[in-house]
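> Below is a structure I'd like to ask you about.
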Amino acid sequence: MRCSENGKRLAGKAMADHPPLPSFAAIVVAAGKGVRAGQPLPKQFAIWRGKPVVRHSVEALIAAGASRVIVAIPPGGEELAREALVGMEVSLVEGGTTRQESVSKALGTIDAAEFVLIHDAARPDVPRAVIAGLLAALDRHQGAIPTLPVVDSLAIDTDGVMTGAANRDVLRRVQTPQAFRFAAIRDAHKAWTGGQDAGDDAQVLRAHGGEVALVEGDKRLKKLTFAEDFVSQTPDVRTGMGFDVHRLVAGEELWLGGIRIEHDKGLSGHSDADVALHTIVDALLGAVARGDIGDHFPPSDPQWKGASSDKFLLHAVKLVGEAGYRIGNIDLTLICEEPKIGPHREAMRARIAELAGVDIDRISVKATTTERLGFPGRGEGIAAQAIATVIRN
């Protein structure tokens, strides 16, 4: 499959938000039947949180900087895979009868790579921090896997009777993606003679004499297995509201919605006085309970005199992320007689979307007048109000 402005956008945004990671190839194993999940089609192609399951992890890997993504799919599953991954720059390979065979076939399509991540499509939520930890561990080891501690007591079951206990302190729950030096895992799969059920790729490498490091995993890497895993839960959604007013004066540039507009007057304020962006900043800060724009950029501080309001919005977006949320949408209303907003609406939407790091379809810009009543009606200033929603990651 060829792609993708979408894939390039994901990778470009990740580079802007995070330091680049070492180059790696990625394999997403999506060749199973997924019948236990009770979905009308294999679970890797079922919808979860608004997207096909497999698409979530492919997007995460591309955003982390994967140089190439290979998806192992079930026989006859090419149409489903293409629909699920439309617009993504991936290669499809038909899987085998076992997971080990599917991974081996996918590895065989990679000509050269230093590192490779192998991931199960049924774990759609892939934190970048886990990927970074895995790749860092490959400086010293041939393989690395994310793990979590075992928190429950463990019993040994013999015909329904407890016949012993296991030491949970030395046991770990294993997740994916699993990371490997490419040559080491390729050779290990070629040499595998351990039977049909390899368990996972870490066991394949160990059987070939490789050492596997344990890296801290993440609860977000939970595997989707049963029907209840697909039951929609009420998301943690917050809403913030912003309102701001700035006076129109002669001799000032007019900055509005992140763009400069030719007009005989501009907005007066300590920064560039972009009333639209200021309002959005307050809405975002309100959504995550981080005060208001004056708390972060006090007008009494001379460093903000004439400053671009872009900086204020980028700071608010950063605080939203640090609070564990992502932007759902922003709805902005501008209240003025002049200038006319319609000719500039799409440029504003595009600039706000760029600064917020979201698709343009999540940004609404509207305008209204006060029927020549009040200070906006008299052309003395511009008012703005915004509502922003943020969603827990």
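Computed from the coordinates by the stated procedures, all read-outs in this text should not be read as laboratory data. Computed from a prediction, not measured in an experiment: that's the story for all the values here. Heads up, the Cβs are rebuilt from the backbone with ideal geometry, glycines too, and the neighbour counts pull from every protein chain shown.
> By how many degrees, between 0 and 90 and to the nearest 10, does the Cα long axis of helix 53-63 differ from the longest principal axis of the chain?
Result, in degrees: 70.
> Pairing the Cα long axis of helix 182-191 with the longest principal axis of the chain, what angle in degrees results, from 0 to 90 and rounded to the nearest 10?
Tilt of helix 182-191: around 30 degrees.
> Which peptide among 291-302, 96-107, 184-195 comes first, and what is the full order, when sorted by highest mean count of other Cβ atoms within 10 Å? Walk me through the intermediate numbers first.
Details: 291-302: 12.7, 96-107: 20.5, 184-195: 16.3.
Ranked by mean Cβ neighbours within 10 Å, highest first: 96-107, 184-195, 291-302.
> So what does the Cα-only Debye profile of the chain read at q = 0.13 Å⁻¹, as log10 I(q)/I(0), no solvent term?
Log-scaled intensity ratios, in q order: -1.06.
> Moving to a separate point now. Using θ = phi - 60° and the Karplus curve 6.51 cos²θ - 1.76 cosθ + 1.60, what whole-Hz ³J(HN,Hα) does each residue of region 237-248 get, with Gly and Pro shown as x?
Going residue by residue, I get 10, 10, 10, x, 10, x, 8, 8, 9, 9, 7, 8 Hz, with x marking Gly and Pro.
> Separation between the Val151 and Ala289 pseudo-spin-labels, each 7 Å from Cα along Cα→Cβ, expressed in nm?
2.2
> I want to verify the translational diffusion coefficient of region 5-230 in µm²/s; compute it with Stokes-Einstein, Rh as the Kirkwood radius over Cα pairs, at 10 °C and 1.306 mPa s. It would help to have the intermediate numbers written out before the result.
On the way: Rh = 18.1 Å.
For these conditions, the coefficient is 88 µm²/s.
> I would also like to ask the following. Relative contact order of the chain: what whole-number percent is it, with Cα pairs under 8 angstrom and at least 6 residues apart? Numbers along the way, then the final one.
Values: 827 pairs, mean separation 54.2, N = 393.
So the answer I get is 14 percent.
> Lysines near Lys33 by alpha-carbon distance under 30 Å, same-chain residues fewer than 8 away left out - which ones?
Correct list for Lys33: Lys43, Lys51, Lys105, Lys190, Lys219, Lys222, Lys223.
> Nearest 20 debye, what's the magnitude of the dipole of the chain about its Cα centre given +1 on Lys and Arg Cβ and -1 on Asp and Glu Cβ? It would help to have the intermediate numbers written out before the result.
Working: 46 positive and 50 negative charges, 103 e Å.
About 500 debye.
> Another one. Using modelled backbone amide H atoms (1.01 Å from N, in-plane), which distant-in-sequence or interchain residues come within less than 5 Å of Trp48's amide H?
For Trp48, the qualifying residues are Val53.
> Over all directions, the average projected area of the alpha-carbon convex hull for region 237-392 comes to how many nm²? The partial results should precede the final answer.
Working: hull surface 33.8 nm².
Computed as one quarter of the Cα hull surface, the answer is 8.5 nm².
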